[in-house]
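Okay, so here's the structure we're looking at.
The values are calculated or read from the model by the stated rules, or taken from the named source; none is laboratory data. Everything quoted here is computed from the prediction, not taken from an experiment. Reconstructed Cβ throughout: ideal geometry from the backbone, glycine too, with neighbour counts over all protein chains shown.
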C-alpha cells in the first residue's frame, strides 16, 4: 500500500462542443505503484490520451472537463489542486511525452534551450555552468552528443527528436512518466532502440510509467502490469504474465485483441478482427459498453453495467465471466483496490 | 546570404523594366502632346514641331523606349516635361515627406496592432477580444482619406491643436500617418490574432505546458516568436500599400510628397516624371520587401540554416 | 443498476450537399448575416432608387437658393454647395458604387481566372511568362497603376472601370493559379486524365468547382476595396466626375466647403464605410464558412 503512487477513482471526463457532449472517460479506476510500468492498451478513441491529460490537468481549456472522480498523486488530490501546484507538478513530479516527435518541439528554440527550460522551471542551479552541465548530462543519457545542443529541432531525425523529448521529460527525474504512444510514429528499428533506452532510464531513475499503446508486442516487452481500456473505462487489468497467459479467462475484448494479431506460427487464411467499431462517444450504448460487439453477449449485458471482479490482482468487468468464474470476488465499483 | 541579396536585386531589374514599358505604353496612348502642353495653347505650331523634334517625340516608339532605357541605365531618368529639371532631383526633393509619413504609419500600426492582436488571441472571446475585432473590422472599412478629413475636422477646425496642411513640423505628420495607419493596424490586429490562435494549438505549446511553464511564459517565450513570423512578412507587403495610399492622403493634407508628384505628372502628361517616380516607388517597395525577407531569414531558424553558414 | 442517463441524444446531422452546408455554416455567423442583410438593403436601394428619384431634378438639379443647408426635415442630410439634396445624391451614389464594384470584379475575375487557369494547368513556359507579367503589375502599388491609367485615358466611368479591373487581375490570376496547382496534383485529376478526359473538360468540371471557394471570397473582398479605390480616385479628381454623385467626389467637394458646412463631409464617408463594411463581413463569413477546420 505504501508503494502506491497514483490512484484514480471513478474518473469521468467530457468534451463539450457546440454539437454534442463527448463522454471520453466513464468511471475509470487505475492504480500505479512506484517504479512500476503500466501499459494502457486500447483502440484509438478509447480515452487513453484523455486519461493521461487529465492527470496533468492539461485538457483543452474550454472544451474538456473532469466531471467526476478523484485522482490522487501521493497524498495530493489533483482534481482540487491549485493551478500553481499543478505548475510545480508538471515536469517535476509527472511528465508527459506525446506521440508525434516532429511537432512536439518548438522550432525556434535550440534543443539545449528546451532541455534547460524544464530545469530552469523547477530546479535552482547556483551557476549557469552547473545548469549547462546538467543539460549535457541528460543529453548524453538519451544517447545524444552534448555538442549538438545549440542546434535546432529541424536538424534532427524523428528518432533523435523523440530522444530529446524524453530527455526533457526525465530531466527533473519525475516520479511518473506518461508516455502516449511514444514510438508509434517512428520506424520499427528506431522504435526498438528508443524503447530499450526508455526502459534503461526508467530503471535507473526509478520512474513509474504509464505507457499508452495499442501495440501488444511493446506491452509484453516493457510493462509490469497491463490495463485494457474500452469506451472510457478499464475492462480488464492484470500483471503482464496474467494477461499473456493464453487462457480463456479474459475479457472478450482482450481475447479479441489477441485474436486479431497475425500469428507467425499458425497458418491462417484471414485475420480475425473484432466485429464492429468502437461506439460513438456521444451516444454510448447502455449496459456493458462492449455488448454490441461481444460474441458472448447475454441478456443482462444489454441492461446492466458489469461490476468489477478481482482475484489475485486480476481485475475484470464482464457479466459472462462473472457467471463463469465464481471464484472471483465481486467488488463495488467505488472501492477497487489491489491485494 | 550575399548571394541571395544579389539575386534579389537582379530580379528587380526585369520588374522595373516591365513597369517602365507598361507606363511608357500607357502614356503613349494618351491623347495630348507634351510639347504643346509645355509651350501652351497659343504657341505657334512651328515652335511646337521644333520642340517635338528636339525632344525626339517624332521617333518610333521602340526607338524612344530604347533611348529611355539606355539613359536610365546610366542614371538619367529623364527630364520632367513640366519643370524641365531632372526627374531624379524632383524625386529626391519630394520623397522624404512621403517616407516620413509611411514610416510613422508603419510604426503606429505595429505598435498598436500587434499587442492588441496578441491580447485578443490570448483572451479569446472576452470583451477585449470582441471589442478589438469589431474596431479592426470597422477600420478596414473606413476610407483612409475620409478618416483624414474627419481628423482635420476634429483636431484642426474644432480643437485647433494640429495643423491641417503642409509638411514642416512633426505635427504635420501625425494625422496623415494616423489616417494611413488605421487600415494597416486593423489588418495587423486580425492577422496577429489568427496566427497566435494557430500557434497556441500546436503540439509544442502542449509540450511547454506539460513542462510546467506558466501561462505568461507560454505566450511570450513560446508562442510569440512563432506567431510573428508570418506577420513580419505581411508588414513588408503592407508598406507597398502605404505608398499607394499616400497618393490620396497627401492630397487631403496638402503635402508635397511623392504621391502628389505622381498625380501631377499624370495630370500634366509628364511621362518622364511619372515613369521615374513610379519606378522609384516600386524600387523602394521592393527594397523594403527584401529587407523584410532578410530579417525573416534571421528570425526563423529553419530558413536560416539554408542561407547562412554556421 | 441501469445507467440510461449516460445516453444523450445529440442533434442529428443530415447529409447535406456541399453548397447547403456552406450556407449553413455561413448562417451561423451572425456578423456575416448582418453584413449580408446590409448589402441586400444597399442592393435594393440601388435598384429601386430609379423609381423614387428623378435624376435630373433631384440628383443633379441645382437650386442655389437652398445651398449649404444643414440637415432638416425637408433635406435629411442637408444640401450641398449647389443646393442639391445630399440624401438623394447619396442614395443615387449607391447605384454608382455598387455598379462599378460589381463590374470591375466581374471583369477582373473572368480575365484573371482565365490567365490563372492557363498558367496553373499548363505550367512550364506559359506559367513562367504569365506570372512574370503578373509580378510586374503587382510590384506597382495598386492605386498608382490605376492613377496612371485613368490619368492617361481621362476620367469617366468606363476608364475607371477599366483601370480598376486591370489592377485586380493579377491577384485573381494568382489565386486561381495556386488553387489549380494544389488541385492538379491530387489523384482524382490523374484518374480523369487516365480516362482520356479532354483538358478543357478537366479544368471546367473538376478543377474549377474546387477552386471556386477562394475565388468567391476574394471577389467579395475585392469589391470592397474597389469601392474604396474608386472613391479615392474620384476624390483626387481622377475618377468619376461631377455632377455624378459618386461618394468620393462628393467628399472632395465637401472638403472645399468644410468651413461653411462641415456636415457635407460626414455622410458620403459613412455611406462608403457601410458599403465596404457589409462586403467585408460577407467576405469574412464566406472565408470562415469555407474553411474546413471551422466545421466543429
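Worth a mention:
Residue-wise test of (1) within 17 Å of residue B:212 (Cβ to Cβ); (2) within 10 Å of chain B (Cβ to nearest Cβ).
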| site | (1), (2) |
| --- | --- |
| A:108 | no, yes |
| A:112 | no, no |
| A:123 | yes, no |
| A:131 | yes, no |
| A:153 | no, yes |
| A:157 | no, no |
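- Scanning segment A:293-320 for residues that are within 18 Å of residue A:259 (Cα to Cα) and either within 13 Å of chain C (Cβ to nearest Cβ) or surrounded by fewer than 18 Cβ atoms within 10 Å (Cβ to Cβ) (or both) returns A:295, A:296, A:297.
- Considering residues of segment A:80-108 that are in contact with a strand residue (DSSP E or B) (Cβ under 6 Å, 6 or more places away or on another chain) and not in a strand (DSSP E or B) only, the residue surrounded by the fewest Cβ atoms within 10 Å (Cβ to Cβ): A:99
- Residue check, residue A:164 touching a helix residue (DSSP H, G or I) at 6+ places or on another chain (Cβ under 8 Å), part of a helix (DSSP H, G or I) and buried (at least 23 other Cβ atoms within 10 Å of the Cβ): yes
- Of all residues in segment C:238-258 being within 8 Å of chain B (Cβ to nearest Cβ) and more than 19 Å from residue C:72 (Cα to Cα), the one that is surrounded by the fewest Cβ atoms within 10 Å (Cβ to Cβ): C:255
- Restricting attention to segment C:148-158 and to residues that are part of a helix (DSSP H, G or I) and modelled with pLDDT under 85, the residue that is nearest to the other protein chains (Cβ to nearest Cβ) turns out to be C:151.
- Assessment of segment C:83-91 against the conditions (modelled with pLDDT under 80, surrounded by fewer than 21 Cβ atoms within 10 Å (Cβ to Cβ) and farther than 26 Å from residue C:229 by Cα) yields at least one matching residue.
- Residue match in segment B:290-303 (condition: within 11 Å of chain C (Cβ to nearest Cβ) and either within 20 Å of residue B:93 (Cα to Cα) or assigned to a helix (DSSP H, G or I) (or both)): no
- Test: residue in segment A:14-29 that is more than 30 Å from residue A:220 (Cβ to Cβ), without any contact (Cβ under 8 Å) to a residue 60 or more places away in the chain and either buried (at least 20 other Cβ atoms within 10 Å of the Cβ) or in contact with a strand residue (DSSP E or B) (Cβ under 6 Å, 6 or more places away or on another chain) (or both): yes
- Failed condition for residue A:61, given (1) exposed (fewer than 14 other Cβ atoms within 10 Å of the Cβ); (2) part of a helix (DSSP H, G or I): (2)
- Filter pass, residue B:276 being in contact (Cβ under 8 Å) with a residue 12 or more places away in the chain, away from every other protein chain (no Cβ under 11 Å) and either surrounded by 24 or more Cβ atoms within 10 Å (Cβ to Cβ) or closer than 17 Å to residue C:147 by Cβ (or both): yes
- Within segment C:224-268, tally of residues that are in a helix (DSSP H, G or I) and more than 17 Å from the chain's Cα centre (by Cα): 16
- Of the residues screened, residue B:108 is one that is away from every other protein chain (no Cβ under 14 Å), in a helix (DSSP H, G or I) and in contact with a helix residue (DSSP H, G or I) (Cβ under 6 Å, 6 or more places away or on another chain).
- In segment A:288-301, the residues that are touching a residue at least 40 places away in the same chain (Cβ under 8 Å) reach residues that are part of a loop (DSSP other than H, G, I, E, B) and buried (at least 23 other Cβ atoms within 10 Å of the Cβ) with C-beta atoms within less than 7 angstrom, at least six apart or across chains, in these pairs: A:289/A:231.
- Here the helices (runs of 4 or more DSSP H) wholly within segment B:146-255 that include at least 3 residues being farther than 20 Å from residue A:104 by Cα and either away from chain C (no Cβ under 14 Å) or more than 16 Å from the chain's Cα centre (by Cα) (or both) are B:170-200, B:224-253.
- All positions within segment B:22-56 that are within 11 Å of chain C (Cβ to nearest Cβ) and either crowded, with 16+ Cβ neighbours inside 10 Å or modelled with pLDDT under 80 (or both): B:22, B:23, B:24, B:26, B:27, B:28, B:29, B:30, B:31, B:32
- Residue check, residue B:10 within 28 Å of residue C:134 (Cβ to Cβ), modelled with pLDDT of 80 or more and surrounded by 12 or more Cβ atoms within 10 Å (Cβ to Cβ): no
- Hey, residue B:261 farther than 30 Å from residue A:152 by Cα and more than 10 Å from chain C (Cβ to nearest Cβ) or not: yes
- Of all the numbered requirements in (1) in contact with a helix residue (DSSP H, G or I) (Cβ under 7 Å, 6 or more places away or on another chain); (2) within 14 Å of chain B (Cβ to nearest Cβ); (3) farther than 24 Å from residue C:276 by Cα, residue C:128 misses one, and that requirement is (1).
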